[in-house]
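Q: Right, I'll just put the structure down here and ask away after.
The values are calculated or read from the model by the stated rules, or taken from the named source; none is laboratory data. Keep in mind that this is a model prediction, so the values were computed, not measured. Here Cβ is always computed from backbone atoms with ideal geometry, including for glycine, and neighbour counts include all displayed protein chains. We work out accessible area using only protein heavy atoms, side chains counted, and drop any ligands, DNA or RNA first. Shrake-Rupley method; radii C 1.70, N 1.55, O 1.52, S 1.80 Å.
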Amino acid sequence: MFEELNAFAAVVEQSSLNRASKLLNLSQPALSRKISKLEDELGVSLFHRRGKRLELTSVGQLAYTFAVEQKQQQQKFLTMLSQYKDEEQSIITLGASLTTLQTTLPPLVKSFMEKHPHAELKLLTGKTHEIVSFVRDKKADVGIVASSISETGLNCVPLFDDHLELVVPLTHPLAGKEAGMEHLQDLPMITFSKGTWYRKLTDDLFQRCTVMPDIRMEIDSFEAIIRLLPTCKAAALLPKSYLRPQLLADNDLVAVHLPQLKQTRRTTCMIYGEKENLSETARQWVRETAAFFTAKASLPTRRTTTP
C-alpha cells in the first residue's frame with residue numbers, strides 16, 4: 001500500500017496524472033492502475049473525476065494527509081537505517097593476545113583513530129590459535145598474531161620481526177656486561193605463563209641451550225613483569241619491540257646483550273579473511289597497518305648500548 005500511497009500523493013501534489021506520471025517515471029495507465037488499486041483496497045473513491053480533471057473527495061483529503069505523514073515517517077526511518085548502517089560499517093573488531101595488546105596495538109590504534117575519529121574499535125583477546133579461529137569464524141575482522149599463519153581462506157601479512165632480550169635491574173650483577181646463555185643457569189627470573197607464545201619461545205631456548213633458570217614467578221602481563229623486576233631483583237626475557245628506552249629508564253632497568261637470543265626471532269603478522277567480506281573501515285585498517293610498518297621499517301635503525 002505504501003507504494004500506492006506515494007503515487008496518490010504525487011498526483012495530488014502535481015494536480016495532474018500526466019505530470020505525476022513523468023515525475024514517477026511511470027506511464028499514465030500504470031499510474032491510473034495504482035490509484036484504482038488503492039481505492040479498491042480502501043473501499044472508497046479518492047477523486048471526483050470531472051472529465052480530465054481530478055478533484056479530491058473529503059475522504060481523499062484524509063487519505064492525502066495520511067499519505068504525507070507516512071512518507072515523512074518512511075523517510076525518517078530510511079535516514080535512521082542509513083545512519084545505523086554507517087555506524088555498523090565503522091566498527092572494526094580486532095583479535096590480539098594480551099601481550100600484543102600491550103606492545104604492538106597502542107601506536108596502531110593511536111594512528112588509526114587520529115585519521116578516523118568516528119571509527120569504533122572492539123577487541124577480542126586470546127592465544128594465537130584462538131585469534132586465528134576468531135578471524136576464520138568472522139568473529140574478528142582482523143587479527144594480529146606473533147607468528148606466520150598459513151591457512152586456506154586467510155591472508156597473512158608479515159609486519160615486523162622481533163626477538164627476546166634479557167632485562168635486569170640497574171643494580172643487577174649482569175647489568176652493563178656481555179653475558180652468555182650460561183649466565184641464565186639458576187638465574188632468578190620472572191617468565192610468562194605457560195601456554196603463551198613467549199613462554200614457548202623461552203622454554204625452547206632453555207632446552208636448546210641446556211640451561212635451567214630459577215623461575216620465581218609466571219605472569220601474563222608485560223607491565224607487571226616490568227614493575228616486579230626491581231623489587232624481586234630478578235631477570236626476564238622480554239620482546240625487543242616492547243623495550244622502549246624510556247620504559248627501561250622509568251623502571252631502573254637495563255637490557256643485557258645476549259647474542260644467542262637472536263634464536264628467538266619471530267614474525268608478528270596481520271591476518272584477515274577475504275577482502276570483499278570486510279567493511280570499508282576494516283579494509284582501511286588493513287591498508288594503514290601495512291603502510292605503518294612499511295614506513296617504520298624504512299627508518300634508519302638506532303643502536304642502543306647498555307651502560
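Q: Could you list, in sequence order, all residues of region 215-258 that are without any contact (Cβ under 8 Å) to a residue 40 or more places away in the chain and open to solvent by 50 Å² or more (accessible area, probe 1.4 Å)?
A: I215, R216, M217, E218, R227, L228, T231, R244, Q246, A249, D250, listed by residue number.
Results for (1) small (G, A, S); (2) assigned by the TED database to the domain that holds R283; (3) modelled with pLDDT of 90 or more, shown as yes or no for each residue.
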residue: E69; (1), (2), (3): no, no, no
residue: T99; (1), (2), (3): no, yes, no
residue: A119; (1), (2), (3): yes, yes, no
residue: K122; (1), (2), (3): no, yes, yes
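Q: Show the residue pairs that are 6+ apart or on different chains and have beta-carbon atoms under 6 Å apart, the first residue being within region 13-39 and in the same structural domain as R53 (by the TED database) and over 16 Å from K52 (Cα atoms), the second being open to solvent by less than 20 Å² (accessible area, probe 1.4 Å) and assigned to a helix (DSSP H, G or I).
A: L23/A10; L24/A10; K34/E4; K34/A7; K37/E4; L38/E4; L38/F8
Q: Let me ask something else about it. Would you point out the residue of region 71-97, among those that are modelled with pLDDT of 80 or more and more than 30 Å from D220 (Cα to Cα), that is surrounded by the most Cβ atoms within 10 Å (Cβ to Cβ)?
A: Here is the first cut: in region 71-97, the residues modelled with pLDDT of 80 or more are 71-76, 91-97.
Next, from what is left, pick out any that are more than 30 Å from D220 (Cα to Cα): 71-76.
On the way: K71: 15, Q72: 10, Q73: 11, Q74: 13, Q75: 10, K76: 10.
Going through the qualifying residues, I end up with K71.
Q: Being outside any strand (DSSP E or B), among the small types (G, A, S) and open to solvent by 60 Å² or more (accessible area, probe 1.4 Å) is true for just one of S45, S21. Which residue is that? It would help to see each step written out before you state the result.
A: Values: S21 fails: open to solvent by 60 Å² or more (accessible area, probe 1.4 Å).
Only one candidate qualifies: S45.
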